[in-house]
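The values are calculated or read from the model by the stated rules, or taken from the named source; none is laboratory data. Quick caveat: nothing in here was measured; it's all calculated off a predicted structure. Counting neighbours? That spans all protein chains shown, and the Cβs are built from the backbone with ideal geometry, glycine included. These accessible areas exclude ligands, DNA and RNA; they are computed on the full protein's heavy atoms, side chains included. Shrake-Rupley method; radii C 1.70, N 1.55, O 1.52, S 1.80 Å.
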Amino acid sequence: MANIWVRFLVGGLALLAAIGYKNYLDLHAPGKRPDLDNKAFWGPKSRESVKEATVILPFDISVKPEIIEDLKNQLSRPLKAQEPLEGVGFEYGFNSKELAKVVKYWRDTYLANWDKREQYLKKFDHFRTEIQGLQIHFIHAKPTQVKGQAPKKVLPLLLMHGWPGTVREFYDFIPLLTTPSDKSDYVFEVIAPSLPGYGWSQGSSKTGFGVAQVAVVMRNLMLRLGFEKFLVQGGDWGSLIGSNLASLFPENVLGYHSNMCTNNSPLASIKLVLASVFPSWFVDSQYSDFYKGLGDLFGTILEEMGYAHIQASKPDTIGNALIDNPVGLASYILEKFSTWTNTEYRKLPDGGLTKRFTYDQLLDNVMIYYVTNSITTSMRLYSESMITKQMSLNVDSLPIQAKAGCTHFINEITHVPEAALTNKFPNLVHNTHHRDGGHFPAFELPQQLYEDFVAFVKKADL
């Protein structure tokens, strides 16, 4: 009788093991590419019958003088912000005493030198072209070669920002990419677009324009420019759009590099839960301080991600509150350059803003949102991406076949361990950790990001 029960037990365990293994294979199995319309029209209905203009034209980013004068007048109004609570830095948001300093500098120093700031923003060649009904702005920076030296190999690079960033983040990063260096055998021909709805790029007139659809537009932009194959680098939304692009169009992507690699597949979610319980199984002990588990993640969501909820649910409400409200706009945007650079900066009365950036750098970024009136359209990307219809495309279940590189800057909001990235990035050839830097490394530590990027390209052997 005992032998029968042993057989039942062994058989039951074998059956459970087989079911578990089958479920694991199902979770690990690559998904099916969604059927997206690569020519979908996202412009206003009034132009649907108009043939797309494929011409690529230089674009003048000059700002009308009356806009600057009006801004000066608005910044001259008395600031009625409430006094911060005693002993509080940025824990409650942007400290009003620091805000008064920013506004004074903006009005009296920055705008007094607007001609110089505007010329600085024009240092690269700007262009626009129509893609799927949208006027898309981009910087096109071509590489240089050094006379008398063997020419470097040139690779095209699609460089994408996120929110609340702009192409301004890349102004110190781009020259490193386009200038020959003894650190790399490559130079890069850089295409840095303003994402649709950001800065000088037109926003969609229709619903349903999430990260997958933006990825299609970005891919079509590169094809329009004559690049059939190219590299991708992105952070924030640029990371997610780039990941979607690499998953959907493997034939076009030479390699994918990101300072915010993510994986939202079911298998990755299971691994993240297990990594919180058994961290030593999933995380190299020397980098354990990067990966703080789900408890820390949930705490971060509660403390720092309220903006994402409101932008994913009511982007136009907060957008309307910030239109023609330069002080509110600066407060809303610049607070992220404090806490996302280093969450410890929340404890400081000035938010640590100038520990990594200058007021000029930060206000350049704010000005791009202000003069283009793009804050509302930029935030709609949240509402169009964080919905069931977009998530049901299941692009995260499509592995990125291109060689991939992920780099982790320690003060990034959250990190995904390599073990949870592998099913999304089966050709992950580069995974590095930096004990400095936060969410905006191209803006904050351009040299460090450049060195990481070229190290990835060397490993990828492109």
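What number of residues within the stretch 49-81 are among the acidic types (Asp, Glu) and either under 24 Å from Leu223 (Cα atoms) or part of a loop (DSSP other than H, G, I, E, B) (or both)?
2
Being farther than 26 Å from Leu398 by Cβ and of a type in the set (A, V, I, L, M, F, W, C) is true for just one of Leu176, Leu231, Leu157, Leu245. Which residue is that?
Being farther than 26 Å from Leu398 by Cβ and of a type in the set (A, V, I, L, M, F, W, C) holds for just one of Leu176, Leu231, Leu157, Leu245, which is Leu176.
Of the numbered conditions (1) over 30 Å from Asn373 (Cα atoms); (2) in contact with a helix residue (DSSP H, G or I) (Cβ under 8 Å, 6 or more places away or on another chain), Pro250 fails exactly one; give the number of that condition.
Failed condition: (2).
Out of everything in the stretch 434-457 that is out of contact with any strand residue (DSSP E or B) (no Cβ under 8 Å at 6 or more places or on another chain) and surrounded by fewer than 19 Cβ atoms within 10 Å (Cβ to Cβ), what residue ends up being farthest from Ile174 (Cα to Cα)?
So, considering only residues that are out of contact with any strand residue (DSSP E or B) (no Cβ under 8 Å at 6 or more places or on another chain) and surrounded by fewer than 19 Cβ atoms within 10 Å (Cβ to Cβ), the one farthest from Ile174 (Cα to Cα) is Arg435.
Any residue in the stretch 443-462 that's within 8 Å of Gly405 (Cβ to Cβ) and at pLDDT 95 or above: show its pairings with residues that are open to solvent by less than 10 Å² (accessible area, probe 1.4 Å) and assigned to a helix (DSSP H, G or I) at Cβ separation under 9 Å, as long as the two are six or more apart or on different chains.
Correct list of pairs: Asp452/Pro441; Phe453/Leu177.
Which residue, of Gln213, Gln202, is over 21 Å from Lys153 (Cβ atoms) and open to solvent by 30 Å² or more (accessible area, probe 1.4 Å)?
Exactly one of Gln213, Gln202 is over 21 Å from Lys153 (Cβ atoms) and open to solvent by 30 Å² or more (accessible area, probe 1.4 Å), namely Gln202.
Only residues that are touching a helix residue (DSSP H, G or I) at 6+ places or on another chain (Cβ under 8 Å) and either more than 24 Å from Ile136 (Cα to Cα) or among the hydrophobic types (A, V, I, L, M, F, W, C) (or both): list them for the stretch 161-184, please.
Trp163, Val167, Phe170, Phe173, Leu176, Leu177, Ser181, Lys183, Ser184
Quick grid of which residues meet (1) under 20 Å from Ser258 (Cβ atoms); (2) among the hydrophobic types (A, V, I, L, M, F, W, C); (3) over 17 Å from the mean Cα position of the chain (by Cα); (4) in a loop (DSSP other than H, G, I, E, B):
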site	(1), (2), (3), (4)
Gln145	no, no, yes, yes
Gly148	no, no, yes, yes
Leu155	yes, yes, yes, no
Leu158	yes, yes, no, no
Gly162	yes, no, no, yes
Glu189	yes, no, yes, no
Gly199	no, no, no, yes
Phe209	no, yes, no, yes
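For the stretch 157-196, how many residues are polar (S, T, N, Q), modelled with pLDDT of 95 or more and open to solvent by 10 Å² or more (accessible area, probe 1.4 Å)?
Residues flagged as polar (S, T, N, Q), modelled with pLDDT of 95 or more and open to solvent by 10 Å² or more (accessible area, probe 1.4 Å) within the stretch 157-196 amount to 2.
Does Thr372 count as closer than 14 Å to Leu322 by Cβ, open to solvent by 10 Å² or more (accessible area, probe 1.4 Å) and in contact with a helix residue (DSSP H, G or I) (Cβ under 6 Å, 6 or more places away or on another chain)?
Answer is no for this residue.
Please go through the stretch 393-424 and pick out each residue that is polar (S, T, N, Q), touching a Ser or Thr at 6+ places or on another chain (Cβ under 7 Å) and modelled with pLDDT under 95.
Residues satisfying the conditions are Ser397, Thr414, Asn423.
Regarding Glu418, is this residue surrounded by fewer than 22 Cβ atoms within 10 Å (Cβ to Cβ), in contact with a Lys or Arg (Cβ under 8 Å, 6 or more places away or on another chain) and among the acidic types (Asp, Glu)?
Criteria not met by Glu418.
Could you list, in sequence order, all residues of the stretch 346-369 that are open to solvent by 30 Å² or more (accessible area, probe 1.4 Å) and closer than 21 Å to Tyr105 by Cα?
Leu348, Pro349, Asp350, Thr354, Lys355, Arg356, Thr358, Tyr359, Asp360, listed by residue number.
Look through Asn431, Asn427 and report the one residue that is open to solvent by 20 Å² or more (accessible area, probe 1.4 Å), polar (S, T, N, Q), more than 19 Å from the chain's Cα centre (by Cα) and modelled with pLDDT of 95 or more. Steps first, please.
Working: Asn431 fails: more than 19 Å from the chain's Cα centre (by Cα).
Exactly one residue qualifies, and that residue is Asn427.
Mind listing whichever residues of the stretch 285-318 are aliphatic (A, V, I, L, M) and closer than 14 Å to Glu412 by Cα?
Correct list: Leu297, Ile301, Met305.
Mind telling me which of the residues Ser385, Ser374 ends up being touching a Gly at 6+ places or on another chain (Cβ under 7 Å), in contact (Cβ under 8 Å) with a residue 60 or more places away in the chain, more than 30 Å from Lys122 (Cα to Cα) and among the small types (Gly, Ala, Ser)? Let's see the steps before the verdict.
Numbers: Ser374 fails: more than 30 Å from Lys122 (Cα to Cα).
Going through Ser385, Ser374 in turn, just one is touching a Gly at 6+ places or on another chain (Cβ under 7 Å), in contact (Cβ under 8 Å) with a residue 60 or more places away in the chain, more than 30 Å from Lys122 (Cα to Cα) and among the small types (Gly, Ala, Ser): Ser385.
Test Pro84 against the criterion of being open to solvent by less than 90 Å² (accessible area, probe 1.4 Å), farther than 17 Å from Arg168 by Cβ, touching a Pro at 6+ places or on another chain (Cβ under 9 Å) and in a loop (DSSP other than H, G, I, E, B), and give yes or no.
Against the criterion (open to solvent by less than 90 Å² (accessible area, probe 1.4 Å), farther than 17 Å from Arg168 by Cβ, touching a Pro at 6+ places or on another chain (Cβ under 9 Å) and in a loop (DSSP other than H, G, I, E, B)), Pro84 qualifies.
Could you list, in sequence order, the residues of the stretch 222-250 that are over 13 Å from the mean Cα position of the chain (by Cα) and among the charged types (D, E, K, R)? Spell out how you get there, then give the answer.
Initial filter on the stretch 222-250 (over 13 Å from the mean Cα position of the chain (by Cα)): 222-231, 245-250.
Of everything in the stretch 222-250, those that are over 13 Å from the mean Cα position of the chain (by Cα) and among the charged types (D, E, K, R) turn out to be Arg224, Glu228, Lys229.
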